[in-house]
Amino acid sequence: MKTMEIKQLLQRYFEGQTTVNEERELNAYFNSGEVAEELKEYAGFFRGMSDLKSSIRDNTLEKDIMDYIRINEPAKNPKRRWLWQTVSGIAASVILVVGGFLFYQQQEQQFTDTFDNPEAAYAYAEQTLAYVSAKYTQGLSELANFDKLQIAAEPLHQGFKPVNEYLGMVEKMHSTNKAN
């Protein structure tokens with residue numbers, strides 16, 4: 001078998017795409033002793049694989065491992081799970097009852113006025129609205145610069161237009177050359 005064919009088979013083998021017959025060919029090649037110099041590094045791997053396949057399976061070792069896992073695996077305690085579910089259910093019920101009580105108590109509470117004098121309330125409201133209006137106007141004044149920014153960016157938009165036209169011409173020439 002040629003070295004190139006072996007390299008291709010090795011590539012497919014390590015990608016997991018070989019058939020059983022192709023794997024037998026690889027095993028036979030690497031165990032034959034007539035391995036190309038550049039592929040000698042894989043000979044040990046295939047010899048080891050052949051040794052593993054031919055070794056006798058030790059059932060007692062497997063049984064010992066499974067026994068060890070069973071002994072050391074934490075036991076699932078159904079009582080703890082039941083206790084956890086009960087406690088979390090009670091806690092959820094308490095939260096619902098307390099939340100309902102607080103909501104009901106808030107609904108019962110009557111709204112109280114903060115001002116006894118309607119003129120004083122009107123003056124305070126007017127003062128508050130004037131403050132909010134001043135802050136709002138101050139914020140809008142910053143947006144006045146936005147028009148200046150748009151005017152300054154206009155040459156950039158115009159600058160892209162010739163470039164886009166040139167690219168369109170290049171694409172047309174390319175598509176006509178492809179068609180020919």
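Between the listed residues THR128, ALA153, THR18, the Cα displaced farthest toward the positive end of the dipole of the chain, a dipole computed from Cβ unit charges relative to the Cα centre, is found at THR18. Between the residues TRP84, LEU143, GLN105, the greatest Cα displacement towards the positive end of the dipole of the stretch 7-144, with unit charges on the Cβ of Lys, Arg, Asp and Glu, is found for TRP84.
Magnitude of the charge dipole for the chain, about its Cα centre and with charges confined to Cβ atoms of Lys, Arg (+1) and Asp, Glu (-1), is about 740 debye. For the chain, the solvent-accessible area works out to 92 Å² per residue, with a probe of 1.4 Å and every protein chain left in place. Using a cut-off of 12 Å between beta-carbons, work out the net charge of the residues near THR18 (Lys and Arg +1, Asp and Glu -1, THR18 not included). It works out to a net charge of -2. Annotation for LEU52 and ASN177: the two label points, set 7 Å from Cα along the Cα-Cβ direction, are 5.5 nm apart.
Between ARG24 and LEU61, full extension at 0.36 nm per residue minus the direct alpha carbon distance yields a gain of 10.4 nm.
Other residues within the sphere of radius under 12 Å centred on the Cβ of PHE30, judged by their own Cβ, net out at -1 (K and R +1, D and E -1). For the chain, what % of the accessible area comes from carbon and sulfur atoms, probe 1.4 Å? Roughly 60 percent of what the probe reaches on the chain is carbon or sulfur.
Here the contact order of the chain, divided by its residue count and restricted to Cα pairs under 8 Å and six or more residues apart, works out to 8 percent. In terms of packing, defined here as the mean over residues of other Cβ atoms within 10 angstrom, the peptides 2-8, 66-72 line up highest first as 2-8, 66-72. Placing unit charges on the Cβ atoms of the charged side chains and taking the dipole of the chain about its Cα centre, the candidate lying farthest along the positive direction among LEU96, ASN177, PHE45 is PHE45.
The values are calculated or read from the model by the stated rules, or taken from the named source; none is laboratory data. Owing to the predicted nature of the structure, the values given are computational and were not obtained by experimental measurement. Positions of Cβ are backbone-derived with ideal geometry, glycine not excepted, and every protein chain shown enters the neighbour counts. Areas reflect the complete protein model, heavy atoms only, side chains present, ligands, DNA and RNA absent. Shrake-Rupley method; radii C 1.70, N 1.55, O 1.52, S 1.80 Å.
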